[in-house]
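A short write-up of the structure that comes next.
Since every read-out is calculated from the coordinates, none of them should be taken as a lab result. Note that the structure is a prediction, hence the values are computed from the model and not measured. Cβ atoms come from the backbone with ideal geometry, glycine included; neighbour counts cover every protein chain shown.
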Amino acid sequence: MEEIHEILNKIKQTTNFPEYTEFFLNKVYNLNGNKKLKNIINEGNRDINSRVYLYNKKTRLFNIIGVVDINDIRYIDFDDDWYTMTNKGIDNQTAEFLI
């Protein structure tokens with residue numbers, strides 16, 4: 001969890017990400033049953049006018065945190081790169097709240 005917080009702090013401290021930037025994690029994280037991770041995403045989506053936190057709704061796994069700024073909205077993507085690469089970029093990302 002510490003590496004996730006470090007990356008999110010780097011993202012927060014950077015004023016602009018004009019191109020999609022990936023931060024690779026040391027392991028795969030699972031959102032299922034992990035309240036701390038769910039809270040990070042849910043809290044991030046509370047102010048959807050300035051940022052959107054996305055995750056893969058099919059696998060609920062991630063090993064990359066990606067970020068890009070588009071039209072004054074910061075998109076933070078908790079990406080499962082294995083699924084993304086295997087499925088040739090089929091978009092299963094969502095900003096739904098996790099329960």
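Take the Cβ atoms of Gln13 and Asn39, set R0 to 25 Å, and the FRET efficiency comes out at 0.75. Annotation: extensible slack from Glu2 through Glu22 equals 5.5 nm (criterion: 0.36 nm per residue apart, minus Cα-Cα distance).
Can you match log10 I(q)/I(0) by the Debye sum over Cα atoms at q = 0.10, 0.22 Å⁻¹ to one of these, [x] -0.24, -1.27; [y] -0.33, -1.12; [z] -0.36, -1.12, based on a calculation from the structure here? Checking each listed value against the structure points to [x]. Where both bridge residues fall in the chain, DSSP classifies roughly 75% of the beta bridges as antiparallel. Dipole check for the stretch 2-94: with +1 at the C-beta of Lys and Arg, -1 at the C-beta of Asp and Glu, and the Cα centre as origin, the magnitude is about 440 Debye.
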